[in-house]
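Right, one structure below, let's go through it.
The values are calculated or read from the model by the stated rules, or taken from the named source; none is laboratory data. The model shown is predicted, which means the values in this text are computed figures rather than measured ones. Here Cβ is always computed from backbone atoms with ideal geometry, including for glycine, and neighbour counts include all displayed protein chains.
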Amino acid sequence: MDFWIKEMDERVLETAGRLFAELGYDGTSMELIAAAVGRGSEESPLLQGGREKLYRAVVTWFYERDVAHLQAAMKETPHDVAGLHHLLDAFLDFVFLHPEVPGLWEQRALKDAVDLTFPEDEFPPPLLVVLTAQGWEGVRPELDLRFLGWLMMWSARGFVHGGLPDRAGEQGLPEDPGARRYFRDQMHSLVDRLV
């Protein structure tokens, strides 16, 4: 039974995260989340504690996974231009597995859920934390790393939610490995031009 509840809680967190990322806190009701999770969701303690508690659980859950993933990827990576590209790859890998993540951080930055006492600096976007923690050797000092981080997040969100037309004008869907490769290559090319 405990395993089933844990599995259900993860499904609730993932589903609520997707809905909060797409619709924002204010546009996402508990009823909508329960309906999207489906049968058995009433057993999850997460759906019994109220929307604010669930929102905090969702942000915490994704934040901890995002931070752990990026920190593990950067553990033995030098802070230079090559390391910056490695960070971009780690970020994109995580976003391809969890496409709701950039939208969740974007909603937080847009001051969604303004009525909650939930300071933005309590859970800043992990990419920004890692990107701005220290300097990057070989990167122009005037480059605003926060802006670069937001540019990566905005671009990734656009790609995972709509794809990207390739050079021939064909729509590459985010599930397509070729479209992912093209998007990743273009992001690396963009970083090279900015640094």
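Which one of these does residue 110 not meet: (1) among the hydrophobic types (A, V, I, L, M, F, W, C); (2) surrounded by fewer than 19 Cβ atoms within 10 Å (Cβ to Cβ); (3) in contact with a strand residue (DSSP E or B) (Cβ under 9 Å, 6 or more places away or on another chain)?
Against the list (1) among the hydrophobic types (A, V, I, L, M, F, W, C); (2) surrounded by fewer than 19 Cβ atoms within 10 Å (Cβ to Cβ); (3) in contact with a strand residue (DSSP E or B) (Cβ under 9 Å, 6 or more places away or on another chain), residue 110 comes up short only on (3).
Answer yes or no: is there a residue in segment 128-137 that is surrounded by 13 or more Cβ atoms within 10 Å (Cβ to Cβ), aliphatic (A, V, I, L, M) and closer than 21 Å to residue 23 by Cα.
No - not one qualifying residue is present in segment 128-137.
Looking only at segment 152-166, decide whether some residue is modelled with pLDDT under 90, out of contact with any strand residue (DSSP E or B) (no Cβ under 8 Å at 6 or more places or on another chain), surrounded by fewer than 16 Cβ atoms within 10 Å (Cβ to Cβ) and not polar (S, T, N, Q).
Scanning segment 152-166 turns up at least one residue that is modelled with pLDDT under 90, out of contact with any strand residue (DSSP E or B) (no Cβ under 8 Å at 6 or more places or on another chain), surrounded by fewer than 16 Cβ atoms within 10 Å (Cβ to Cβ) and not polar (S, T, N, Q).
Within segment 53-78, can you find the residues that are assigned to a loop (DSSP other than H, G, I, E, B) and either among the acidic types (Asp, Glu) or in contact with an Asp or Glu (Cβ under 6 Å, 6 or more places away or on another chain) (or both)?
76 - this is the single residue of segment 53-78 that is assigned to a loop (DSSP other than H, G, I, E, B) and either among the acidic types (Asp, Glu) or in contact with an Asp or Glu (Cβ under 6 Å, 6 or more places away or on another chain) (or both).
What number of residues within segment 34-52 satisfy the criterion of being farther than 11 Å from residue 16 by Cα and part of a helix (DSSP H, G or I)?
5
Has segment 109-130 got any residue that is of a type outside the set (Asp, Glu), on the phi > 0 side of the Ramachandran plot and over 14 Å from the mean Cα position of the chain (by Cα)?
At the first step, the residues of segment 109-130 found to be of a type outside the set (Asp, Glu) are 109-111, 113-114, 116-119, 123-130.
This time we only want the ones that are on the phi > 0 side of the Ramachandran plot, so: 111, 113.
Retained after the next criterion (residues that are over 14 Å from the mean Cα position of the chain (by Cα)): 111, 113.
Checking segment 109-130: at least one residue is of a type outside the set (Asp, Glu), on the phi > 0 side of the Ramachandran plot and over 14 Å from the mean Cα position of the chain (by Cα).
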